[in-house]
1. Could we say that Leu26 is under 29 Å from Arg158 (Cβ atoms) and open to solvent by less than 40 Å² (accessible area, probe 1.4 Å) here?
2. Given the residues Arg124, Arg158, Arg171, which is the only one that is open to solvent by 10 Å² or more (accessible area, probe 1.4 Å), in contact (Cβ under 8 Å) with a residue 12 or more places away in the chain and within 20 Å of Leu85 (Cβ to Cβ)?
3. Check region 204-224 and report whether any residue there is touching a helix residue (DSSP H, G or I) at 6+ places or on another chain (Cβ under 7 Å) and at pLDDT below 80.
4. Grab the helices (runs of 4 or more DSSP H) fully contained in region 11-116, keeping just those with 2 or more residues being on the phi < 0 side of the Ramachandran plot and without any contact (Cβ under 8 Å) to a residue 60 or more places away in the chain.
Amino acid sequence: MTPYARRGVHGQTVEALARRVLSGDLPEGSTLDLVALQSELDVSLTALRESLKVLAAKGMVDARQKRGTFVRSRADWNLLDADVLRWQFESDRTTDADSALLRNLAEVRGIIEPAAVRLAAERRTDADLAALDAAVDAMGQGGSDAAHAVEADLAFHRALLAATHNELLERMEMVIESGLAYRDRIVHSSPHSEDPVPAHRAVLDAVRDQDPRAAEAAMRALLDQAGRDLDRIGGSPDPGGSPDDMERPTGQ
């Protein structure tokens, strides 16, 4: 999905507003001064309102008569929306809510991916195996190219969900990818991350052998490795920098 910031003035305005909400500059319950925002962002009132409609669709803002446009409670936000996840993980500030969300995503992966890999082992096609093979091969060839390494890791998990041939599980890639990319950035800024290729290869081999139990065990081992990497750096790191500043990520 193309980030909003790459979609012209409208997209840049959406992202600027979203980041203000997520950072707390526009706190929950606050009423927005549209005239002031229009001036600060240097956009037309029409462009501002159109951008707010995007955030309203994601549950982040709302508008009421006599109250105006206001920031909704975090409990109302669509936290499974890929943009909301990405905006939160790319925030310049790390809050307790951000750290909790990272832990929550790790738990979601622990529920979804072991079950998904069992289905993948039962249903995989030759095309699925080719996609998984390509991802693991790319993972081992990335060297110090951070962008290449991250994309290879994401491609593996995307291909794994696709191999379930379950449309709803395939859609979970948006949730898993957002958390995984963020995790790669913070964990692999450390030079001591474990080599991810053997763990991913073990999952692939079990899927190839159509052995659901072995596939699940291999996936749980992979997720355990991911947990060890987080524990090694404290588990609730400061993301620092931007996604483009990632050190060598190896991914789990």
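1. no
2. Arg158
3. No, region 204-224 has no match at all.
4. In region 11-116, the matching helices (runs of 4 or more DSSP H) lie at 34-41, 45-57.
The values are calculated or read from the model by the stated rules, or taken from the named source; none is laboratory data. Quantities reported herein were computed from a predicted structural model and do not represent experimental measurements. Here the Cβ is made from the backbone with ideal geometry for all residues, glycine too, and neighbour counts use every protein chain on show. Keep in mind that these areas ignore ligands, DNA and RNA; they rest on the heavy atoms of the full protein, side chains included. Shrake-Rupley method; radii C 1.70, N 1.55, O 1.52, S 1.80 Å.
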